[in-house]
Amino acid sequence: MISIENLVKRHRAREVLHGVSLEARPGRVTGFVGPNGAGKSSTLRCLLGLDRADGGRALIGGRPYRELREPLRTVGAVLDGSGAHPSRTARGHLGWVASGAGISRRRVAEVLDVVGLSEAAGRRVRTFSLGMGQRLGLATALLGDPEVLILDEPVNGLDPEGIRWIRRLLRQRADAGGTVLLSSHVLAELAEVADDVVVIAGGRVRAAGTLEEVAAGYANLEEAFFSLTAPAGGEAGSRVGGGAGQAGRTGRADRAGRTEREDRGRS
């Protein structure tokens, strides 16, 4: 379970997150989407303890990331590719991570097989394609067999077969009771796997709910996305359902966007 409540983040004098609230629940895949600069990366970095929030809280399994007793057994994350040193082999990188986390080295061979890198286990990371680097990052995230997966653009660099493979993998993890939170710019692909969707723009949650709730009234998720994230003066509003996000469950959505939508409805 991931729970983010009223998260605020400032970079110097500029506020980049304005009270962001969302949930990602067990047994479901939650898509986290927004334009470049919307606040996705800042939200995920605060969630994973890489940046310190200036307000609100971000919890994984009811605890801040820094307070997790066994982080790699609780949450697996991929934010910036594999994170492996280019001179290491795939096997060497995973063995190093496993040793530091107290995870059996037998697990290394298992995750290499899961992500389809068994035959490349002895190759140095510098020789990997972008897609292979993505697979190695996912293997690292899976080492501790965590209950929670947090993935930033996991299909980047993957070919169509790789995209279909990761879609099946994420679905299997969720169906087994895991929590999956992923960001993606490939909205059509996201719509194939996500149960719930959170849309962020300008550091504020614009919509949160089931995929069907967020896309209701539009031809597809892509059309909903462009409407909800339109620049000021465009069509941007706020749509909050009950399927995803603390905002969706309590009604604490972006009040400005909600009021704007209601005013349009009365005109």
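The values are calculated or read from the model by the stated rules, or taken from the named source; none is laboratory data. All values reported here derive from a predicted model rather than from experimental measurement. No Cβ is skipped: glycine too gets one built from the backbone with ideal geometry, and neighbour counts run over all protein chains shown.
Quick notes
- The residue that is nearest to G177 (Cα to Cα), among those in segment 11-34 that are within 11 Å of the chain's Cα centre (by Cα) and small (G, A, S), is A24.
One line per residue, one yes/no per condition, for (1) under 30 Å from A121 (Cβ atoms); (2) not charged (D, E, K, R):
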| position | (1), (2) |
| --- | --- |
| C46 | no, yes |
| A58 | no, yes |
| G62 | no, yes |
| T74 | yes, yes |
| A77 | yes, yes |
| R88 | yes, no |
| A98 | yes, yes |
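- Looking across S104, S82, one residue alone is at pLDDT below 95, polar (S, T, N, Q), more than 24 Å from the chain's Cα centre (by Cα) and not in a helix (DSSP H, G or I). It is S104.
- Only a single criterion out of (1) surrounded by 15 or more Cβ atoms within 10 Å (Cβ to Cβ); (2) in a loop (DSSP other than H, G, I, E, B); (3) under 17 Å from the mean Cα position of the chain (by Cα) is not satisfied by G37, namely (1).
- Only listed residue being in contact with a Lys or Arg (Cβ under 7 Å, 6 or more places away or on another chain), crowded, with 21+ Cβ neighbours inside 10 Å and either at pLDDT 95 or above or within 25 Å of C46 (Cα to Cα) (or both), chosen from A90, A121: A90
- Residues within segment 8-34 that are under 17 Å from V75 (Cβ atoms) and in a strand (DSSP E or B), tallied: 7
- Helices (runs of 4 or more DSSP H) fully within segment 166-267 counting 2 or more residues that are within 15 Å of the chain's Cα centre (by Cα) and modelled with pLDDT under 95: 187-193
- Pair list, Cβ < 6 Å and 6+ apart or interchain, from segment 61-85 residues that are surrounded by 12 or more Cβ atoms within 10 Å (Cβ to Cβ) to residues that are assigned to a strand (DSSP E or B) and of a type outside the set (K, R): V75/I60; V75/V148; G76/L149; A77/I150; V78/L151; L79/D152
- Checking R73 against (1) assigned to a strand (DSSP E or B); (2) in contact with a Pro (Cβ under 8 Å, 6 or more places away or on another chain), the condition it does not meet: (1)
- Test: residue in segment 43-55 that is surrounded by fewer than 17 Cβ atoms within 10 Å (Cβ to Cβ) and of a type in the set (K, R): yes
- When restricted to residues that are in contact with a Pro (Cβ under 9 Å, 6 or more places away or on another chain) and in a strand (DSSP E or B), segment 143-165 contains 1.
- Enumeration of residues in segment 148-161 that are more than 28 Å from R63 (Cα to Cα) and within 18 Å of the chain's Cα centre (by Cα): V155, N156, G157, L158
- When the residues of segment 124-137 are filtered to those that are part of a helix (DSSP H, G or I) and small (G, A, S), the one that is surrounded by the fewest Cβ atoms within 10 Å (Cβ to Cβ) is G131.
Residues are listed down the side, and each one gets a yes or a no for (1) farther than 14 Å from I150 by Cβ; (2) modelled with pLDDT of 95 or more; (3) not charged (D, E, K, R):
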{"residue": "L7", "(1), (2), (3)": "yes, yes, yes"}
{"residue": "R14", "(1), (2), (3)": "yes, no, no"}
{"residue": "E23", "(1), (2), (3)": "no, yes, no"}
{"residue": "A53", "(1), (2), (3)": "yes, yes, yes"}
{"residue": "L59", "(1), (2), (3)": "no, yes, yes"}
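- When each of D152, D159, D175 is tested for being touching a helix residue (DSSP H, G or I) at 6+ places or on another chain (Cβ under 8 Å) and either touching a residue at least 40 places away in the same chain (Cβ under 8 Å) or among the aromatic types (F, W, Y) (or both), the lone residue that passes is D152.
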